[in-house]
Amino acid sequence: MAPLPEILRLNGYCTAQFGKCHEVPVWEASPVGPFDRWPTGSGFEHFYGFLGGETNQWYPSIHEGTHIVPTPATPEEGYHFMADITDRAIDWVRQQRLLAGSKPFFMYFAPGATHAPHHVPKEWADKYKGKFDQGWHKVREETFARQKNLGVIPQDCELTKRPGEIPAWSDQAAELKPVLARQMEVYAGFLEFTDHHTGRLIDALDQLQVLDDTLIFYIIGDNGASAEGTPQGTFNEVIPLNGLNAIETADFLTARIDKLGSPESYNHYAVGWAHAMDTPYQWTKQVASHWGGTRNGTIVHWPKSIRGKGETRHQFHHVIDLAPTILETAHIPQPYIVNSVAQVPMQGVSMLYSFDDPKAAERRETQYFEMLGNRGIYHKGWTAVTRHRTPWILTGETPPFDDDVWELYDTNKDWSQAHDLSKEMPEKLHELQRLWIIEATRNNVLPMDDRGAERFNSDLAGRPVLVRGKAQILARGMGGLNENALLNIKNKSHSVTARVIVPEGKPCEGVIISQGGFAGGWIFYVKDGRPTYCYNFAALEKYVISSTQTLSSGEHQVRMEFKYDGGGLAKGGTVTLYIDGNTVGSGRVERTLAMVFSLDETSDVGIKPGSQITPDVPIGNNAFTGTVQLVVIELDTQEEVDHLISREQLLHILLAHQ
């Protein structure tokens, strides 16, 4: 089935996407594509945003179309990604209306907010000082009461009990509670900041006099609030993603409380807050069995065509129903052939029927759910669900699927899934379990993959990779490479060799190559004429090894060899530096990151965009002052090599990738 924007584009719409795009496979998200699954290959004529699950709001990795572009300013100059994409969206829609006002438009506006990391200017977070000191249980109760007063949940809805795996507020250490409260203050400020800028886009539509006749779906949430921040929250999300949760003690977090939300953090809140944000339901994002991991509030705004104002609708619908709704609204039939390719029918059901009839019988009767083995089925108001794994536990063994315990709920009467009927109605449960298997088979869900942290490491995940073999060459001018576009150097010996030209008359400075950023990674650079290597262990420790000699003018090979200690994942290693094959420095890296350096930073030859790995290399003005002709990354470096790469070896590496 062709993507919705492609169908609309072929029917005369102007189309654009801003913000998050998490649909491009990581092995295709490089400057060489292929680009058919990028936004501009899927029907969007314009794209300005990031590829992946999240991005640093202060130092985002931005693509315009298929090209990576620098951020227009720094955090010190007032830059924030949310404000940036809003400006871009406003500029685009103004241009569209002024130049092609007779054509309709379709915009997909998907902020990185309020996904982690929770980055927001301090003054916005400070507006909520003291608002969450009462803890997540009390906030949950207060939210529940407001929901009933607003009428967005039934009056007979029950507040579900806290699962035992989610810690009680009363059990939190007194010294940790201020940190936990600040996490939520930052999140609340981030949410209001996002709402403010989204409001600017809405105001722009109003100023263009198209707001009343523009159908807007404002989907509030990301499959439920995220519990990936661990029970105590995290200052740097790379820490739990590498299974290092124990490092973030109360003392550790307290020492960094004033930096939460700032450019010096990569933060996420505690799971208790996620549970509170999923009121009145059980569980959180990733737990696709229960409503807390699937159900999102949605605002539909279309004054010119929807008679009701401020009303609620409770018919069950799924996100796949948006495309048929938009097509029906636009009087565009679902296509049989697109670009000479026969189409399978859309599985979504239009919800247009419910806009003017709040009591209409719902037309979506069945929907399966599955994520990381957590699974459920909805059918005519009944749900059968089973939680297979816990979101914040990324490592260790998971139970066999056959051992999962299923629950049964009648949401016709039990809105929040508060009363498990599995023991009273085993036959009904069995009926729905069978229906889940049918739907999962029909939709290619099987076999299920319940792995956690292993998914981040291509060596363990088993997914396709862009670069194969044990050697990779990067040439001058290459950049915008995400973590999956470089050979995976984690948990193994490797080397990085660069051929550089040093100009005459002044010491050479700047970046040769890097991977990662503030949250974790490594960088090979020249400082005061001396080749230097820095390994950033999750912003906790930075191991710096510098050359004892400076580079003279002319052409040189500079090399870093990392001899991994072995004996499992995340071990240390010995670093040795070379200039033209001669040893010029060595040192130790005691600990390494096993799974991931960064979720969004790029690697570039001769420059380091994005956030800072080491204070030695400034943000922005860090380009190599000579010339980096090429960089060679090799895995499993042997001790007997001569620490130089000959032209014949370079040719051999190049031919191996033809």
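The values are calculated or read from the model by the stated rules, or taken from the named source; none is laboratory data. As the structure is a prediction and not an experimental result, all values here were calculated from the model. With ideal geometry, Cβ positions are generated from the backbone for all residues, glycine too; neighbour counts draw on all protein chains shown.
Check Glu311 against each of (1) in a helix (DSSP H, G or I); (2) exposed (fewer than 13 other Cβ atoms within 10 Å of the Cβ) and name the one condition it does not meet.
Checking Glu311 against (1) in a helix (DSSP H, G or I); (2) exposed (fewer than 13 other Cβ atoms within 10 Å of the Cβ), the one that fails is (1).
Taking Val544 as the residue in question, decide whether it is β-branched (Val, Ile, Thr) and surrounded by fewer than 22 Cβ atoms within 10 Å (Cβ to Cβ).
Values: β-branched (Val, Ile, Thr): yes; surrounded by fewer than 22 Cβ atoms within 10 Å (Cβ to Cβ): yes.
Judged against the criteria, Val544 is a match.
Using beta carbons and a limit of 7 Å, which pairs, at least six apart or on different chains, have the first residue in the stretch 409-433 and part of a loop (DSSP other than H, G, I, E, B) and of a type in the set (D, E, K, R) and the second one at pLDDT 95 or above and surrounded by 16 or more Cβ atoms within 10 Å (Cβ to Cβ)?
Final answer for the pair search is Asp420/Glu407; Asp420/Leu408; Asp420/Tyr409.
If you go through the stretch 600-629, how many residues are buried (at least 18 other Cβ atoms within 10 Å of the Cβ), assigned to a strand (DSSP E or B) and modelled with pLDDT of 95 or more?
So the count comes out to 1.
Of all residues in the stretch 255-271, which are over 13 Å from Arg182 (Cα atoms) and either among the aliphatic types (A, V, I, L, M) or part of a helix (DSSP H, G or I) (or both)?
Filtering the stretch 255-271 down to residues over 13 Å from Arg182 (Cα atoms) leaves 263-266, 271.
The answer is Val271, and nothing else.
Take the conditions within 30 Å of the chain's Cα centre (by Cα), buried (at least 19 other Cβ atoms within 10 Å of the Cβ), aliphatic (A, V, I, L, M) and closer than 30 Å to Thr329 by Cα and apply them to Met371. Does it pass? Break it down into steps so the answer makes sense when it comes.
On the way: within 30 Å of the chain's Cα centre (by Cα): yes; buried (at least 19 other Cβ atoms within 10 Å of the Cβ): yes; aliphatic (A, V, I, L, M): yes; closer than 30 Å to Thr329 by Cα: no.
No, not satisfied.
For the stretch 1-28, enumerate the residues that are assigned to a loop (DSSP other than H, G, I, E, B) and under 22 Å from Met478 (Cα atoms). Full working, then the answer.
From the stretch 1-28, those assigned to a loop (DSSP other than H, G, I, E, B) are 1-3, 11-13, 22-25; that's our starting set.
Matches in the stretch 1-28: Val24, Pro25.
For the stretch 407-428, name all the residues that are in contact with a strand residue (DSSP E or B) (Cβ under 8 Å, 6 or more places away or on another chain), crowded, with 20+ Cβ neighbours inside 10 Å and either at negative phi or modelled with pLDDT under 95 (or both).
Glu407, Leu408, Tyr409
Check Gly292, Gly297 and return the single one that is among the small types (Gly, Ala, Ser) and closer than 22 Å to Pro358 by Cα.
Working: Gly292 fails: closer than 22 Å to Pro358 by Cα.
From the options Gly292, Gly297, the qualifying one is Gly297.
Collect the residues in the stretch 187-210 that are over 22 Å from Ala116 (Cα atoms) and touching a residue at least 40 places away in the same chain (Cβ under 8 Å), keeping them in residue-number order. Quick ask: steps written out before the conclusion?
First, pick out the residues of the stretch 187-210 that are over 22 Å from Ala116 (Cα atoms): 200-210.
Selection gives Arg200, Leu201, Ala204, Leu205, Leu208, Val210.
Would you say Thr441 is assigned to a loop (DSSP other than H, G, I, E, B) and either out of contact with any strand residue (DSSP E or B) (no Cβ under 9 Å at 6 or more places or on another chain) or among the hydroxyl-bearing types (Ser, Thr, Tyr) (or both)? Don't jump to the end; show me each part of the working.
Numbers: assigned to a loop (DSSP other than H, G, I, E, B): no; either out of contact with any strand residue (DSSP E or B) (no Cβ under 9 Å at 6 or more places or on another chain) or among the hydroxyl-bearing types (Ser, Thr, Tyr) (or both): yes.
No: the conditions fail for Thr441.
I need the full set of residues from the stretch 135-186 which are of a type in the set (Lys, Arg) and without any contact (Cβ under 8 Å) to a residue 12 or more places away in the chain, in order please. Let's see the steps before the verdict.
Residues of the stretch 135-186 of a type in the set (Lys, Arg): 138, 140, 146, 148, 161-162, 177, 182.
Selection gives Arg146, Lys148.
Within the stretch 196-214, is even one residue on the phi > 0 side of the Ramachandran plot, part of a loop (DSSP other than H, G, I, E, B) and hydroxyl-bearing (Ser, Thr, Tyr)? Explain how you work it out, then say what you get.
Taking the stretch 196-214 as the starting set, the residues that turn out to be on the phi > 0 side of the Ramachandran plot are 209.
After this cut, where a residue has to be part of a loop (DSSP other than H, G, I, E, B) as well, the list is 209.
From what is left, the residues that are hydroxyl-bearing (Ser, Thr, Tyr) are none.
No: zero hits.
Within the stretch 152-168, is even one residue modelled with pLDDT of 95 or more and within 18 Å of His268 (Cα to Cα)?
Among the residues of the stretch 152-168, at least one is modelled with pLDDT of 95 or more and within 18 Å of His268 (Cα to Cα), which makes the answer yes.
Which of the residues spanning the stretch 288-308 are β-branched (Val, Ile, Thr), assigned to a loop (DSSP other than H, G, I, E, B) and over 22 Å from the mean Cα position of the chain (by Cα)?
Quick first cut of the stretch 288-308, residues β-branched (Val, Ile, Thr) only: 294, 298-300, 306.
Retained after the next criterion (residues that are assigned to a loop (DSSP other than H, G, I, E, B)): 294, 306.
Residue satisfying the conditions is Ile306 alone.
State which residue is surrounded by the most Cβ atoms within 10 Å (Cβ to Cβ) when the search covers only the stretch 104-148 and only residues that are part of a helix (DSSP H, G or I) and among the hydrophobic types (A, V, I, L, M, F, W, C). Let's see the steps before the verdict.
Pass one, the stretch 104-148, residues part of a helix (DSSP H, G or I): 122-126, 136-148.
With the extra rule that they be among the hydrophobic types (A, V, I, L, M, F, W, C), the set shrinks to 124-125, 136, 139, 144-145.
Values: Trp124: 20, Ala125: 24, Trp136: 27, Val139: 21, Phe144: 19, Ala145: 12.
Ranking the candidates gives Trp136 first.
Just one of (1) under 21 Å from Gly396 (Cβ atoms); (2) modelled with pLDDT of 95 or more trips up Thr214, so point out which.
(1)
Just need a number here: residues in the stretch 253-293 that are polar (S, T, N, Q) and farther than 24 Å from Thr411 by Cβ. If you could, list the steps in order and put the result at the bottom.
First pass over the stretch 253-293, keeping only residues polar (S, T, N, Q): 254, 262, 265, 267, 279, 282, 284, 286, 289.
From the residues that got through so far, the ones that are farther than 24 Å from Thr411 by Cβ too are 254, 262, 265, 267.
So the answer is 4.
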